[in-house]
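Right, one structure below, let's go through it.
The values are calculated or read from the model by the stated rules, or taken from the named source; none is laboratory data. If you're wondering where the values come from, they're calculated on a predicted model, not measured in any experiment. Cβ: placed from backbone, ideal geometry, glycine included. Neighbour counts: every protein chain shown. Heavy atoms of the whole protein, side chains included, go into the accessibility calculation; ligands, DNA and RNA do not. Shrake-Rupley method; radii C 1.70, N 1.55, O 1.52, S 1.80 Å.
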Amino acid sequence: MTGTMLPIVFDPPMRGKPPRHWFDLTHDERVDATVRLGLPKFRADQISRHVFDRLEDDATRFTDIPAAIRGELGEQLFPELLERVTQRATDDGRTVKTLWKLFDGSLLESVLMRYTHRTTLCISSQAGCGMACPFCATGQGGLKRNLSQAEIVAQVLKADQQLAAGAVPGTTGRLNNIVFMGMGEPLANYRQVLGSIRTFLEPGPNGFGMSARGITVSTVGLVPRIQQLTEEGLPLTLAVSLHAPDDELRDEIVPINNRYKVDEVVDAAWEYAKATKRRVSIEYAMMRDINDQVERAELLAQVLKRRGDWGWVHVNLIPLNPTPGSRWTASRKADEKAFIETLERRGVPVTLRDTRGQDIDGACGQLAAKNTPEPQPAA
Ligand code: SF4
């Protein structure tokens, strides 16, 4: 394959900080901020109850807080972080993709998906992505910046508000699942992502009280950060975007592989599975004539089998969502079938992901890419 590789970016310079928000703060910091506003400490939990129990983030509606202070409380701790740009629904309204604009004009996406027994939100952890995978629309736009903890948490609040308002047919309940599979590499924004996860897990009134098992963190394979996540001792689901079982191909389609090789990534995933007792998901986007050959299915089975029995891993094949004008396209159905049969013959648990949202530009970054002005050539 040919093509110019974009540089991988880990820590972008932050141009201007997102406004501080209640969601950025620990419990102690919330109490401090409440006292600074001249309110007694107990008001902090009252405020949190509005947000996490009642999903209300408009401080003017915090009716048990003195009216005189609500305006200042709103300005200082509840600035509007996400401005809705567009929203598109498909699958009879069961899939809803929202494009949000942040304080600095950055765009991000989140996708709400209603299934029979659960509701899942796919969220973004960065504006853009610095991992430069050549088949990915987000990767082509590069990394703009890391999201703040509050910008990540706000995506969940907005989705829960939508569900509570009955905007998605079939439920008025809350989210059961959160998957960090939108824009960005979550483990490249480790501190903010982990902070947001702690807010999702924290029981009321200080958090959403979700189960760790309902939260999936995907990574393209930042080995030291996978090891760090293992040490957190949280039974989250880890999804590793492998996309190729051999270094030769993976060096090209997942550039971070030039730093962390297939074996190191799979070892880190295996250690994660052992420590957390959670099955790791190996994500594999099927790309026509690139990584979808039967030989690669055989190789994938070998790579995974070297780490022990099949209980620790599950392969999730993803039909590539073609990006307009891209040479990276979805596999032929016959090749997809042969790939699955090969893995199944070798006893590897495998599923083909359903392609929710294709008709609303469901591939990560596509909607944002359409709404972003064309990049100008450098002077
Ligand atoms: S595939 Fe994932 S890691 Fe790679 S550039 Fe796209 S968003 Fe980033």
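Looking at the stretch 186-196, is at least one residue open to solvent by less than 30 Å² (accessible area, probe 1.4 Å), more than 14 Å from the ligand (Cβ to nearest atom) and of a type in the set (Ser, Thr, Tyr)? The answer is yes, given that some residue of the stretch 186-196 is open to solvent by less than 30 Å² (accessible area, probe 1.4 Å), more than 14 Å from the ligand (Cβ to nearest atom) and of a type in the set (Ser, Thr, Tyr). Candidates ASP335, ASP354, ASP359: the one that is at pLDDT below 95, more than 16 Å from the ligand (Cβ to nearest atom) and not in a loop (DSSP other than H, G, I, E, B) is ASP359. Evaluated against (1) more than 26 Å from LEU163 (Cβ to Cβ); (2) open to solvent by 20 Å² or more (accessible area, probe 1.4 Å); (3) in contact (Cβ under 8 Å) with a residue 12 or more places away in the chain, ALA67 falls short on exactly one condition, (3). The listed residues are ARG94, ARG61, ARG49, ARG88, and the only one of them that is free of Cβ contacts under 8 Å to residues at least 24 places away in the same chain and open to solvent by 40 Å² or more (accessible area, probe 1.4 Å) turns out to be ARG61. What about GLY204, is it closer than 26 Å to HIS117 by Cα, within 12 Å of the ligand (Cβ to nearest atom) and of a type outside the set (A, V, I, L, M, F, W, C)? Against the criterion (closer than 26 Å to HIS117 by Cα, within 12 Å of the ligand (Cβ to nearest atom) and of a type outside the set (A, V, I, L, M, F, W, C)), GLY204 does not qualify. The selection criterion, being away from the ligand (no atom under 16 Å from the Cβ) and either aromatic (Phe, Trp, Tyr) or open to solvent by 50 Å² or more (accessible area, probe 1.4 Å) (or both), holds for VAL294. Scanning the stretch 238-260 for residues that are more than 14 Å from the ligand (Cβ to nearest atom) and surrounded by 22 or more Cβ atoms within 10 Å (Cβ to Cβ) turns up LEU238, PRO245. Taken over the stretch 119-168, the criterion of being open to solvent by 20 Å² or more (accessible area, probe 1.4 Å), assigned to a loop (DSSP other than H, G, I, E, B) and either touching a residue at least 60 places away in the same chain (Cβ under 8 Å) or closer than 18 Å to ARG191 by Cβ (or both) is satisfied by PRO134, PHE135, CYS136, GLY142, ALA167. Examine the stretch 320-329 for a residue that is within 24 Å of ARG191 (Cα to Cα), within 14 Å of the ligand (Cβ to nearest atom), out of contact with any strand residue (DSSP E or B) (no Cβ under 6 Å at 6 or more places or on another chain) and open to solvent by 10 Å² or more (accessible area, probe 1.4 Å), and state whether such a residue exists. The answer is no; no qualifying residue exists.
When the stretch 208-223 is filtered for residues that are away from the ligand (no atom under 16 Å from the Cβ) and either crowded, with 22+ Cβ neighbours inside 10 Å or not aromatic (Phe, Trp, Tyr) (or both), the ones remaining, listed by number, are GLY209, MET210, SER211, ALA212, ARG213, GLY214, ILE215. Is it the case that some residue within the stretch 276-291 is assigned to a helix (DSSP H, G or I), closer than 23 Å to ILE178 by Cβ and touching a residue at least 12 places away in the same chain (Cβ under 8 Å)? Taking every residue of the stretch 276-291 in turn, at least one turns out to be assigned to a helix (DSSP H, G or I), closer than 23 Å to ILE178 by Cβ and touching a residue at least 12 places away in the same chain (Cβ under 8 Å).
Modelled with pLDDT of 90 or more and touching a strand residue (DSSP E or B) at 6+ places or on another chain (Cβ under 7 Å) - does that describe any residue in the stretch 288-296? If you could, list the steps in order and put the result at the bottom.
Start the filter on the stretch 288-296 by keeping residues that are modelled with pLDDT of 90 or more, which leaves 288-296.
Now narrow it down to the ones that are touching a strand residue (DSSP E or B) at 6+ places or on another chain (Cβ under 7 Å): 288, 292.
Yes, that holds for at least one residue.
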